[in-house]
Amino acid sequence: MGGALPPQEKLLAETFDLVFKGGTVVNHAGEGLADIGVRDGRIAEIGAIGEGMAGETIDATGLHILPGVIDSQVHFREPGLEHKEDLASGSRSAVLGGVTAVFEMPNTKPPTTSAEALAAKVKAGTGRMHCDFAFFVGATHDNVGDLAELERQPGAAGVKVFLGSSTGDLLVDDEATLKRILGAIKRRAAFHAEDEARLKERIPLQRAGDPSSHSEWRDPQAALAATERLLRLAAEAGKRVHVLHVSTAEEMALLALHKDIASVEVTPQHLTLATPEAYEALGTKAQMNPPLRDRTHQERLWWGIERRVVDVLGSDHAPHTLEEKAKRYPATPSGMPGVQTLVPVMLDHVNAGRLSLARFVDLTSAGPQRVFGIRGKGRIAVGYDADLTIVDLKAERAIEDAWIASKCGWTPFAGRRVRGWPAGTVVRGRLAMWEGELGEAGGKPVRFGEAPPAANAPY
Ligand code: DOR
């Protein structure tokens with residue numbers, strides 16, 4: 001089939017492999033009752049579809065059909081840290097939570113900093129992951145010369161830079177290297193913005209056994225200083241950047257003035273959990289980078305959601321085992337799982353009136369498509385991949401550790417009752433999850449507009 005277009009008869013034939021009937025379809029541009037016909041993994045019809053037109057028909061009455069949720073920040077730990085997670089377990093957690101594609105971070109062991117490491121991840125994920133995927137390439141002092149080529153490789157989500165150290169060894173904080181990176185690449189790179197010099201200086205503020213001191217050590221000024229520097233360097237280089245997990249009021253106000261340069265991510269946990277209560281309730285499970293903040297910061301993040309400053313939601317799924325989290329702070333690792341809880345936690349906010357369903361859709365599908373230049377995903381449209389997140393907005397459930405398929409086996413949201421739950425996850429027309437049951441794994445790399453199509457792409 002290499003290079004051939006589908007035969008004309010097939011395009012015209014009004015039969016489908018799969019039809020979702022009677023659901024409320026919510027798109028970037030509105031919502032309404034419609035059936036969706038899927039053929040060869042793509043959306044082939046949106047509208048009224050008669051009986052007997054499909055190999056399989058699924059009754060979606062009472063459910064909302066959203067474009068597949070794309071989580072553009074997860075850590076799945078393979079290779080090297082598989083006791084915390086691997087690509088298969090992380091992807092099972094994703095599809096059980098309604099997520100159809102993930103972008104995975106490079107701080108594995110070894111890190112994803114070479115063409116070989118990237119190709120190995122793509123190979124390891126293909127057909128083994130339950131959702132589609134792309135991998136960020138980590139920038140180091142040594143691979144700057146390769147980044148322009150690496151960011152164009154199949155399966156690459158772009159370049160990721162840690163401006164401040166977090167889990168793993170990836171870090172680039174000197175101005176000369178940052179300038180070289182921004183000068184070398186074409187795509188929008190993603191940044192962890194915390195200022196390394198300030199973090200080092202403030203280490204004495206860590207209090208042994210008191211994880212709440214994590215938020216004092218890695219203070220709002222550390223985040224703001226890094227984001228200010230990033231905006232200046234990006235403007236000088238004439239490049240666009242993506243600021244991951246924005247956590248402070250000051251950064252949100254600043255980023256609102258620089259939307260021509262920077263796209264913005266926030267996490268469900270920064271929108272939902274706040275200090276000091278989170279540390280009191282969760283202890284070291286609440287420890288992450290950048291840290292959780294107080295309600296004043298959280299309100300400003302919601303302001304950024306409401307004013308459209310925020311482009312995407314990412315879970316920053318960062319699993320660590322309970323044993324690791326049971327150590328004494330600061331020996332405990334930073335990060336919490338989140339890929340499985342992004343959809344229910346945010347749908348609960350939708351039901352509480354904090355954001356509209358349309359805005360949720362924009363943040364989880366059209367937003368990532370716009371920011372990262374994704375091809376064929378990000379909206380429900382004829383010809384697009386049949387990636388769908390089907391949700392029951394009325395379902396009330398409690399999030400529990402026992403539901404979490406991540407190897408870490410816990411969630412900071414355990415015990416939380418939410419309204420709104422993922423009922424089905426459809427990846428290129430396959431039922432990756434239906435009513436809590438997993439389907440077969442069949443994940444493939446996400447394709448991007450700025451990278452050349454893979455040599456064996458069908459067309
Ligand atoms: O809390 C975090 N954990 N923040 C990061 O930037 C990395 C992550 C991890 O990989 O554990």
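The values are calculated or read from the model by the stated rules, or taken from the named source; none is laboratory data. The structure presented is a predicted model; accordingly, all values stated were derived computationally and were not measured. Counting neighbours? That spans all protein chains shown, and the Cβs are built from the backbone with ideal geometry, glycine included.
Keeping to segment 394-435, report how many residues are among the charged types (D, E, K, R) and either out of contact with any strand residue (DSSP E or B) (no Cβ under 8 Å at 6 or more places or on another chain) or under 30 Å from Phe16 (Cα atoms) (or both).
Number of matching residues: 7.
Which one of these does Gly90 not meet: (1) away from the ligand (no atom under 16 Å from the Cβ); (2) on the phi < 0 side of the Ramachandran plot; (3) buried (at least 20 other Cβ atoms within 10 Å of the Cβ)?
(1)
Looking at segment 238-254, which of the residues that are over 20 Å from the mean Cα position of the chain (by Cα) and of a type in the set (A, V, I, L, M, F, W, C) is surrounded by the fewest Cβ atoms within 10 Å (Cβ to Cβ)?
Top of the filtered list is Ala253.
Return a yes/no flag: does segment 14-21 have any residue that is farther than 28 Å from Thr126 by Cβ, at pLDDT 95 or above and not aliphatic (A, V, I, L, M).
Within segment 14-21, one or more residues are farther than 28 Å from Thr126 by Cβ, at pLDDT 95 or above and not aliphatic (A, V, I, L, M).
Name the one entry in Thr275, Thr284 that is crowded, with 19+ Cβ neighbours inside 10 Å, within 13 Å of the ligand (Cβ to nearest atom), over 18 Å from the mean Cα position of the chain (by Cα) and of a type in the set (Val, Ile, Thr).
Details: Thr275 fails: within 13 Å of the ligand (Cβ to nearest atom).
Being crowded, with 19+ Cβ neighbours inside 10 Å, within 13 Å of the ligand (Cβ to nearest atom), over 18 Å from the mean Cα position of the chain (by Cα) and of a type in the set (Val, Ile, Thr) holds for just one of Thr275, Thr284, which is Thr284.
What's the number of the only condition in (1) in a loop (DSSP other than H, G, I, E, B); (2) basic (Lys, Arg); (3) in contact (Cβ under 8 Å) with a residue 60 or more places away in the chain that Arg92 fails to meet?
Single failed check for Arg92: (1).
One line per residue, one yes/no per condition, for (1) assigned to a helix (DSSP H, G or I); (2) free of Cβ contacts under 8 Å to residues at least 12 places away in the same chain; (3) buried (at least 22 other Cβ atoms within 10 Å of the Cβ); (4) within 14 Å of the ligand (Cβ to nearest atom):
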{"position": "Phe191", "(1), (2), (3), (4)": "no, no, yes, yes"}
{"position": "Glu194", "(1), (2), (3), (4)": "no, no, yes, yes"}
{"position": "Arg198", "(1), (2), (3), (4)": "yes, no, no, no"}
{"position": "His214", "(1), (2), (3), (4)": "yes, no, yes, yes"}
{"position": "Gln221", "(1), (2), (3), (4)": "yes, no, no, no"}
{"position": "Ala226", "(1), (2), (3), (4)": "yes, no, yes, yes"}
{"position": "Arg232", "(1), (2), (3), (4)": "yes, yes, no, no"}
{"position": "Glu236", "(1), (2), (3), (4)": "yes, no, no, no"}
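For a quick check of your reading of the model, give me the residue pairs whose first member lies in segment 327-339 and is over 30 Å from Pro422 (Cβ atoms) and of a type in the set (Phe, Trp, Tyr), whose second is near the ligand (Cβ under 10 Å from one of its atoms) and assigned to a loop (DSSP other than H, G, I, E, B), with beta-carbon atoms closer than 9 Å and at least 6 apart or on different chains.
Within 9 Å, the pairs are Tyr329/Gln287.
Please determine, by comparing only the residues of segment 157-189 that are more than 21 Å from Pro333 (Cα to Cα) and basic (Lys, Arg), which one is nearest to the ligand (Cβ to nearest atom).
Arg188
Yes/no per residue for (1) modelled with pLDDT of 90 or more; (2) in a strand (DSSP E or B); (3) more than 22 Å from Arg370 (Cβ to Cβ):
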| position | (1), (2), (3) |
| --- | --- |
| Arg128 | yes, no, yes |
| Phe135 | yes, yes, no |
| Asp142 | yes, no, yes |
| Glu149 | yes, no, yes |
| Gly158 | yes, yes, no |
| Val161 | yes, yes, no |
| Ser166 | no, no, yes |
| Val172 | no, no, yes |
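Identify the residue in segment 257-272 that is β-branched (Val, Ile, Thr) and surrounded by 23 or more Cβ atoms within 10 Å (Cβ to Cβ) and, among all such residues, is nearest to the ligand (Cβ to nearest atom).
Among those that are β-branched (Val, Ile, Thr) and surrounded by 23 or more Cβ atoms within 10 Å (Cβ to Cβ), it is Thr267.
Within the group Pro79, Pro106, Pro154, Pro110, which residue is assigned to a loop (DSSP other than H, G, I, E, B), within 13 Å of the ligand (Cβ to nearest atom) and in contact (Cβ under 8 Å) with a residue 12 or more places away in the chain? Give the steps one after another, and end with the answer.
On the way: Pro79 fails: within 13 Å of the ligand (Cβ to nearest atom); Pro154 fails: within 13 Å of the ligand (Cβ to nearest atom); Pro110 fails: within 13 Å of the ligand (Cβ to nearest atom).
Of Pro79, Pro106, Pro154, Pro110, the one residue that is assigned to a loop (DSSP other than H, G, I, E, B), within 13 Å of the ligand (Cβ to nearest atom) and in contact (Cβ under 8 Å) with a residue 12 or more places away in the chain is Pro106.
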